[in-house]
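Worksheet: one structure, shown below.
No lab work stands behind these numbers, since they all come straight from the coordinates. Computed from a predicted model, the values in this text were never measured in an experiment. Cβ sites come from the backbone with ideal geometry, for glycine too, and all protein chains shown count toward neighbours.
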Amino acid sequence: MKTIYRNVLGGKAGTLDVLVLAAILFAVFPFALDPFRLSLLGKYLCYAFVAVGLVLCWGYGGILSLGQGVFFGLGGYCMAMYLKLEASDPVSTKIQSTPGIPDFMDWNQITSLPWFWEPFKSLPLTVIAVLLVPALLAFIIGVAMFKRRVKDVYFSIVTQAIALILSVLIIGQQGMTGGVNGITDLKTLHGWDIRSDSAKYILYYASGVLLIAGILFGRFLIASKVGKLLLAMRDKEERVRFSGYDVANFKVFVFVVAALFAAVGGALFTLQVGFMSPSFVGIVPSIEMVIFAAVGGRMSLIGAVYGTLLVNFGKTYFSETFPSLWLYFMGGLFILVVMLFPNGIAGLMDSHVRPWLARRRGARLRNAETPADAPPVDSSLPGTATVRSPSPLAPGEGASTPRVQPAH
Amino acid sequence: MSWFSEFGAILAMQGFNGLSVFCVLLLMALGLAIIFGQMGVINMAHGEFLTIGAYTTYLFSSLTTSYAPAFAPYYFFFAIAGAFLIAFCVGYLVEWGLIRHLYRRPLDTLLATWGLSLVMQQAFRSTFGAKEVSATLPDWLMGSVKPSESIDIPINGLFVMGLTVILTGMLALLLYRSQWGLRVRATTQNRIMSGAVGINTRRVDRITFALGCGIAGIAGAAFTTIGSTGPTSGSLYIVDTFLTVVLGGAASLAGTIASAFTIAQTQATAEFFMHGSMAKVLTLSAVVLILMMRPQGLFSIKVRR
């Protein structure tokens, strides 16, 4: 029980962070925002999955993937194919020359369902595909690259090329994939209308719950031996290799985990937005997903969520209000975060806000002590107060769990 | 016999198309290759330096046509020089303001230069508008050569090809026959030892970066002869260019030339047999597969990092 508390929830401070996030997601936003804004927020939460995966893979593993849009898109497309087949039953598509196939296939003179669409007639197979297809691709890329010790910038460029390949492929094969427009007009999930307001709320809450579950899983991973090895590999890969570990396997593992996060985000995205298109697959969306994680803090799972929400709200705000300034904002953000705040919001929290809070709390405690003329060591005061204030580096947390990196 | 000559003509035209793609790719990759090879820096904004060169040429052309029409046949050479100078200066400033702070973090350089490319794209859009513009070409660049009845080779393509050959030759001379080139090659191969023998590696870096950007500017000037320029023209080529450099093997001029040739000819040949987008998919996939099997690229030299 205690190990779960420490490793999964991250001790007292970590639990508090998760609770604050849950309160904001489940209590504040649904009541403060109208359904339209809330559905936007639901969309952003799907991106947050990708950002959390990137924290594990890039922040801890040191692997910068510029192709997360590929996995996001594959997850999303798998889900969209199922929904599309359900939306194009023979009755509602009877005006087509071939009823029962998606409308864009009919427009492109395709008369029978391509073989790779067949599994998506069943929901269980679809759910398996959502997870398996991106994981398999990530596994193949990972094994091919990491076993040959391709790393750093080379890996990033290859993943970027893969993002380009997939988006060009989807756009080129219009008849089978829907082309530039993507797969649109999605209506029901196993008979359940996903377009109604109530469905939007349910999907929003489901995304939030899954996201927090994902964060807790990420924490578990970071606190485990794998997490320690990932950090060690990131900083001194050769030493880990000489210690007898197969570095490539750990890299493949964390890359697959990040791909899975992205895929789940993509599938939920399709459900909430009601379509999927190649504009979420290519180079630009993939690299934007990296900036979500960078703004939140590449070492902080929860920070990644806040970073995603902040950047996307900024994006929506700027593109609604000052459309011409939007790219300046985004570009400036890239430069600023990388040059001045490499650890993002979470880094600022740890270096400035938390010590400040601790100082304030210390000052308040001292103020409370002086009028009562209490002796400095008072047995009636909780012992933690006196232990805590002299250590500004680890506020809100006993000295029992020294950690290499802040993991909240 | 007529069938045979027709086939030969198609082959020649197709080969020429491939050569045009090769020239643009090589012109862009040259600058990137010396930057990436020497400093290990990924410059995502490289495509925007091409756009700078292209817009400079456009400016020269519109200034000439409105103020000195008599000067029109010769302006292009000045435009090339201007494109080089402006791109060189911007590159110098970027290195000074941005890149030099990030040498120890190559992945972060990648993100920061991506941000820079977004800013530059928006700056182009605000200055020149979102619509594509094209420079008015001097008369001698128009038209085509007809070596035989069915072969038709455009002059602007030949001009770009000539420019590519001259530029590559000059760069090779500079790298392998000059004092500066010696310093660059020394820094590439062993940065610490170069510093120890008295080479100011920081200064070499800055000049190399600026020179790479300047070459991209010339590429942009050449680019205006075969296509129109928009704010995002440069970024269309960036992934192909990176793959060219990586496939060629970092820090190898011959490798860059060979890989640009391979990629361009593969793409042009594939385009003859299938749809353009599928040709691109096929080419890029082939390059990625080769890189998976041979991560160090086609040609690689020994480098101590």
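Odds and ends about this structure:
- Qualifying residue in the stretch B:288-300 (condition: more than 9 Å from chain A (Cβ to nearest Cβ), in a helix (DSSP H, G or I) and buried (at least 23 other Cβ atoms within 10 Å of the Cβ)): no
- If you filter the stretch B:89-119 down to residues that are more than 22 Å from B:Ile192 (Cα to Cα) and more than 8 Å from every other protein chain (Cβ to nearest Cβ), you find that the one that is surrounded by the most Cβ atoms within 10 Å (Cβ to Cβ) is B:Gly91.
- Condition check for A:Ile165: within 14 Å of chain B (Cβ to nearest Cβ), in contact with a helix residue (DSSP H, G or I) (Cβ under 8 Å, 6 or more places away or on another chain) and within 22 Å of A:Leu271 (Cα to Cα): no
- The listed residue being touching a strand residue (DSSP E or B) at 6+ places or on another chain (Cβ under 9 Å), surrounded by fewer than 24 Cβ atoms within 10 Å (Cβ to Cβ) and among the aromatic types (Phe, Trp, Tyr), out of A:Phe313, A:Phe269, A:Phe220, A:Phe275: A:Phe275
- Qualifying residue in the stretch A:324-336 (condition: over 30 Å from B:Val281 (Cβ atoms), over 13 Å from the mean Cα position of the chain (by Cα) and in contact (Cβ under 8 Å) with a residue 24 or more places away in the chain): yes
- Entirely in the stretch A:1-45, the helices (runs of 4 or more DSSP H) that have 1 or more residues that are more than 30 Å from A:Val273 (Cα to Cα): A:2-7, A:11-23
- Qualifying residues in the stretch A:130-185 (those that are assigned to a loop (DSSP other than H, G, I, E, B) and small (Gly, Ala, Ser)) - the one nearest to the chain's Cα centre (by Cα): A:Gly182
- Flag for B:Ala258 being in contact with a Phe, Trp or Tyr (Cβ under 7 Å, 6 or more places away or on another chain) and over 30 Å from B:Gly129 (Cα atoms): yes
- Filter pass, B:Ala72 being in a helix (DSSP H, G or I), more than 18 Å from the chain's Cα centre (by Cα) and more than 12 Å from chain A (Cβ to nearest Cβ): yes
- Number of the condition not met by B:Phe77 [criteria: (1) more than 10 Å from chain A (Cβ to nearest Cβ); (2) closer than 26 Å to B:Leu171 by Cβ; (3) surrounded by 14 or more Cβ atoms within 10 Å (Cβ to Cβ)]: (3)
- Exactly one residue out of A:Phe242, A:Phe250 is touching a Leu at 6+ places or on another chain (Cβ under 7 Å), within 30 Å of A:Val143 (Cα to Cα) and surrounded by fewer than 22 Cβ atoms within 10 Å (Cβ to Cβ): that is A:Phe250.
- Among residues of the stretch A:290-349, those that are facing chain B (nearest Cβ under 8 Å) and not in a helix (DSSP H, G or I), counted: 1
- When each of B:Ile192, B:Ile166 is tested for being assigned to a helix (DSSP H, G or I), touching a Lys or Arg at 6+ places or on another chain (Cβ under 9 Å) and away from chain A (no Cβ under 11 Å), the lone residue that passes is B:Ile192.
- Checking each residue in the stretch A:15-45 for being of a type in the set (Gly, Ala, Ser) and within 18 Å of the chain's Cα centre (by Cα) picks out A:Ala22, A:Ser39, A:Gly42.
- Of the residues B:Gly195, B:Gly230, B:Gly217, the single one that is in contact with an Asp or Glu (Cβ under 7 Å, 6 or more places away or on another chain) and either under 22 Å from B:Gly37 (Cβ atoms) or not β-branched (Val, Ile, Thr) (or both) is B:Gly230.
- Consider the stretch B:248-272 and keep the residues that are of a type in the set (A, V, I, L, M, F, W, C) and within 14 Å of chain A (Cβ to nearest Cβ). The one that is farthest from A:Ser167 (Cα to Cα) is B:Ala251.
- Taking the numbered list (1) assigned to a helix (DSSP H, G or I); (2) surrounded by 23 or more Cβ atoms within 10 Å (Cβ to Cβ); (3) not aromatic (Phe, Trp, Tyr) in turn, B:Ile42 passes all entries but (1).
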